[in-house]
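The values are calculated or read from the model by the stated rules, or taken from the named source; none is laboratory data. Bear in mind that the values here come from a model prediction, so they are computed numbers and not experimental data. When we count neighbours, we look across all protein chains shown, and the Cβ atoms used for this are built from the backbone with ideal geometry, even at glycine.
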Amino acid sequence: LVFLSLTASGFLTAANVGSILTSIAVLGIVALGVNMVVLTGEIDISVGSALGLCAVASGTAAKSGGLAFALVAGIGVGVLVGSVNGFLVTFGRVPSIIVTLGMLYALQGLILIVTGGNTITGLPQGARTFALSDVVSINVSIFVLAGAFVVVALLARSTTWGRDVYAVGGNRRAAVYAGVPSRRTRWLAFVLTGALVGLASVVFFDRVGVVPTNAGQGLELQVIAAVVIGGTSIAGGRGSPLAAVIGAVLIGVFLNGLVLLNVPGVWQNVVVGGLILLAIATDALRRQLVAEGT
Amino acid sequence: MQRFQLGRELVLAILLIVVLVVFSLLSASFLSVENFFNVGRLSVETGLIALGMTGVILTGGIDLSVGSLLSLVAVVVGFSYQDGLALGLAILLGLAVGLAGGLFNALFVTRLGLHPLVVTLGTLSLYSGIALVLSGGSGVSSFPHWFVYLGQWYLGPVPAQLIFFAVIAALAWIVLARTPFGRYLYAIGDNVEAARFSGVPVRRVLIALYTAVGLLVAIAAIIYTSRVSSARADAGFGLELDVIAAVVLGGASIYGGVGSIPGTLLGVFFIAFVGNGLLLAGVESTWRQFVIGLILIVAVFVNEFFRAGASPTAATSG
């Protein structure tokens, strides 16, 4: 961060900070949900396709009913997808990586079937307020991200469900014996992720202006990268909603820094991959040192 | 346990036959020797990687980086040839890159004790990124005649790479079912602590395993490049999903300890024939992904549901 602000003039300006935050709004909102799923010890890699499908739903709804209708449609579809994921994982006893891998496929196919392979265009400007308008010169999508963070942080800190998430993720067997409703807890984490994906889908088409059939493709990797870079343990139980936001911001900062340093865009994947490996390697080394110290 | 295993493979074999019969009825051109060989030819790359992935999933791990590594090897071979390296040497370089990619994964997993899911997620991004940087987004498609011939060569009616695949698959089967190395993989997947205490060299086994996957990916990349006579950075995009779907469909448990090469082969061909059959039956290709996703979920649901129902730990795992 310091390196970037020294080497690239124009990095640490209010406008640039704003543009970084705007660019990671979708990533951050989705990461907040997946972060909770990871905290329960599960994983969700269907969010990319799910975002695409939600965007198709919310984009279509926006054409006929404006922003409010788009939100209802997007979040509705998202919750539905999350419920199915959660149901199969908890009551179907299928490992979450398989369920969401299957969903990643199935939903991608569904997008193509529903749209017939056509990009959704002609979205009304009125429905794009999230990305196109500013409040006190801050883009509205940043407020949406901040709002989502506050809600998720409150849910994680101050509700029974939030405590159950950590209990289930920390030691599921012990949690079950202690009377924690493990299935319901994990199911709700998937449903919450679905709802956030639906919300993010509206921010997405607001920003992009159209809904292409490959919307959201590959997002799942960046999302999991954000969660892991932020410091949430992939094994569950350790981490916080702040991790998702920090991870997303870090990814945004590095990608933005590359642009300012005139590094070609093809380096993007190298940087994201390197960041993930660096983050997990330092975490592992730190834990090894701590273990040796005691 | 062994009988249970065979039972599941039998179920999948019967399912495969049902699918073959249904598609034969739906489409006149499905049931022909040429079509079968063609489907086989097209699934060699997925199949080769799936053999290695079976080993990885047996140990309770996963490798998401295989598609990216395939792209990287294809780009390395293509561009080093274009820049003047003899193609034979370029192929050797490609194999070396595959080995190195696998070894890199292996060291991260074993030395740092990290979950393979996160490690290979990172390298998935890294390898495809390097492939993109090296190629600058363009492709190489002018290869000498003999190289193109390699992936499009037939011995009578049989595609050459199918014979090669059959040999490698037989080897993999023997290694998994009949050698100490194979037994170590099952032991690690079953209970890594128990395996370690019984003297299984866990670290060495895992390093060998992930490196072998890298080599299989490199071989698949060369066959692929030769077959389509083009090397591009998006060659292996999404391939990891096809491979994992095939292995899991073949009865391997994602928790480790359960799975087999015959099962994986059935999984590979099941997916290949469903895709091909849908195409020939005139179903739009957009349905393929949808159908495969559903098949994967339903297959594992049936698998895990019955396994969990039969095991005493079901109450706590649910």
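Quick rundown of the values:
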{"quantity": "Out of B:Val133, B:Val140, sole residue that is farther than 16 Å from A:Leu221 by Cβ and within 14 Å of another protein chain (Cβ to nearest Cβ)", "calculated": "B:Val133"}
{"quantity": "Filter result (under 19 Å from the mean Cα position of the chain (by Cα) and over 15 Å from A:Ala195 (Cα atoms)) within segment A:60-97", "calculated": "A:Ser96, A:Ile97"}
{"quantity": "Every residue from segment B:150-180 that is touching a residue at least 60 places away in the same chain (Cβ under 8 Å), farther than 16 Å from B:Gly52 by Cβ and part of a helix (DSSP H, G or I)", "calculated": "B:Leu150, B:Gly151, B:Gln161, B:Leu162"}
{"quantity": "Residue in segment A:100-113 that is within 12 Å of chain B (Cβ to nearest Cβ), at pLDDT 85 or above and surrounded by fewer than 18 Cβ atoms within 10 Å (Cβ to Cβ) present", "calculated": "yes"}
{"quantity": "Of residues in segment A:226-243 being more than 7 Å from chain B (Cβ to nearest Cβ) and in a helix (DSSP H, G or I), the one nearest to A:Asp44 (Cα to Cα)", "calculated": "A:Val227"}
{"quantity": "Residue match in segment B:178-198 (condition: exposed (fewer than 14 other Cβ atoms within 10 Å of the Cβ) and basic (Lys, Arg))", "calculated": "yes"}
{"quantity": "Residues (closer than 22 Å to A:Gly218 by Cβ and more than 7 Å from every other protein chain (Cβ to nearest Cβ)) located in segment B:109-118", "calculated": "B:Pro116"}
{"quantity": "Counted residues, segment A:150-186 - those being assigned to a helix (DSSP H, G or I) and either hydroxyl-bearing (Ser, Thr, Tyr) or modelled with pLDDT of 95 or more (or both)", "calculated": "6"}
{"quantity": "Any hit, segment A:244-256, residues being within 14 Å of chain B (Cβ to nearest Cβ), surrounded by 23 or more Cβ atoms within 10 Å (Cβ to Cβ) and under 22 Å from A:Asn16 (Cβ atoms)", "calculated": "yes"}
{"quantity": "Segment A:269-280: number of residues that are facing chain B (nearest Cβ under 7 Å) and crowded, with 20+ Cβ neighbours inside 10 Å", "calculated": "7"}
{"quantity": "Pick from segment A:257-268, criterion more than 12 Å from chain B (Cβ to nearest Cβ) and surrounded by fewer than 20 Cβ atoms within 10 Å (Cβ to Cβ), ranking: farthest from A:Thr232 (Cα to Cα)", "calculated": "A:Asn262"}
{"quantity": "Residue match in segment A:216-233 (condition: within 26 Å of A:Tyr166 (Cβ to Cβ) and surrounded by fewer than 20 Cβ atoms within 10 Å (Cβ to Cβ))", "calculated": "yes"}
{"quantity": "Pairs where the first residue, in segment A:100-118, is part of a helix (DSSP H, G or I) and the second is aromatic (Phe, Trp, Tyr) and modelled with pLDDT under 85, C-beta under 7 Å, 6+ apart", "calculated": "A:Ala106/B:Phe290; A:Gly109/B:Trp287; A:Gly109/B:Phe290; A:Leu110/B:Phe290; A:Ile113/B:Trp287; A:Ile113/B:Phe290"}
{"quantity": "Residue in segment B:228-250 that is nearest to B:Pro144 (Cα to Cα), counting only those that are touching a Leu at 6+ places or on another chain (Cβ under 8 Å) and part of a helix (DSSP H, G or I)", "calculated": "B:Leu239"}
{"quantity": "Residue count for segment B:63-103, restricted to those that are surrounded by 22 or more Cβ atoms within 10 Å (Cβ to Cβ) and closer than 24 Å to B:Tyr184 by Cα", "calculated": "7"}
{"quantity": "B:Val258, sole failed condition from (1) in a helix (DSSP H, G or I); (2) more than 26 Å from B:Gly139 (Cα to Cα); (3) of a type outside the set (D, E, K, R)", "calculated": "(1)"}
{"quantity": "Helices (runs of 4 or more DSSP H) fully within segment B:17-99 counting 3 or more residues that are closer than 24 Å to A:Asn269 by Cα", "calculated": "B:44-58, B:66-82"}
